[in-house]
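Worksheet: the structure to be examined is printed underneath.
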Amino acid sequence: MVARAVDSYCNFDEAPTIFRHFAKRVRHMDQLDRRLIDLLRENARAPAAGLARALGVSRTTLQSRLERLERSGVIAGYTVRLSEAHERGQIHAYVLMTVSHKQSAAVSAAVRKMGAVRLLQSVSGPFDLIAKAVAPNVADMDTLIDALGALPGVERTTSSIVLSTKIDR
């Protein structure tokens, strides 16, 4: 069904070649692949034997699944997750930005150079971009938010400080 929906979408619009390429990869994932990815999200450094045991498959099966997911680009890499204790000591904020017409690329390039911005997403709605920022204290966060607002092409910002995290996968 997903394949049919993707194909019908692609028949009407020739532009999203990358969408078709990605959709073909995704449709080859089964429940075991999704469970494996969920386990890796919890602990990307979990030993293969432990992952295989948790999934009820052999270690060889697990390794071939991992290799296929990596080769197909579904798994693009592995990363570091900082401890909850460290993260609790940081100030986290979401900064919503309205950007001048056709300035999104320039603003994104400038934000990319700001190490304290961990995530930048283009979104629909009244704002154009949302940045997830992290700073060691309120004063540094204030400086960072001011710097984001002062970027050429940024018309307006609205920020929300994170009070607590309820789910982090």
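Bear in mind these aren't lab numbers, they're just calculated from the coordinates by the rules spelled out. Nothing here was measured: the structure is a model prediction, and the numbers come from that model. Virtual Cβ from ideal backbone geometry, glycine too; neighbours counted across all protein chains shown.
Among 58, 72, which comes first, second and so on when ranked by fewest other beta-carbon atoms within 10 Å?
Working: 58 12, 72 15.
Placing the least packed residue first, the sequence is 58, 72.
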Residue by residue through segment 93-107, which ³J(HN,Hα) values in whole Hz follow from phi under the Karplus form 6.51 cos²θ - 1.76 cosθ + 1.60 (θ = phi - 60°), with glycine and proline marked x?
8, 9, 10, 8, 10, 9, 10, 4, 3, 6, 10, 4, 5, 5, 5
Take the Cβ-Cβ distance between residue 94 and residue 43 as r, set R0 to 41 Å, and report the resulting FRET efficiency rounded to the nearest 0.05.
0.95
Which distance in nm do the two modelled labels at residue 29 and residue 142 give, with both placed 7 Å along the Cα-to-Cβ direction?
4.3
Once the piece of chain linking residue 155 and residue 55 is laid out straight, how much longer is it, given 0.36 nm per residue of separation minus the C-alpha distance between them?
31.0 nm
Debye-sum result for segment 59-169 in log10 I(q)/I(0), which assumes one identical scatterer on each alpha carbon, at q = 0.15 Å⁻¹
-0.75
Inter-label distance, nm, simple model (7 Å from Cα along the C-beta direction), residue 124/residue 85
4.4
Mind putting together the pair-distance distribution for segment 32-74? All Cα pairs, 10 Å bins, whole percent per bin, short to long.
30, 64, 6
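If one computes P(r) from the Cα atoms of segment 61-104, what percent of pairs lie at distances over 14 Å? Numbers along the way, then the final one.
Details: 685 of 946 pairs.
Percent of Cα pairs beyond 14 Å in segment 61-104: 72.
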What length, rounded to one decimal in nm, is gained on full extension from residue 70 through to residue 164, with 0.36 nm per residue of separation minus their alpha-carbon distance?
30.5 nm
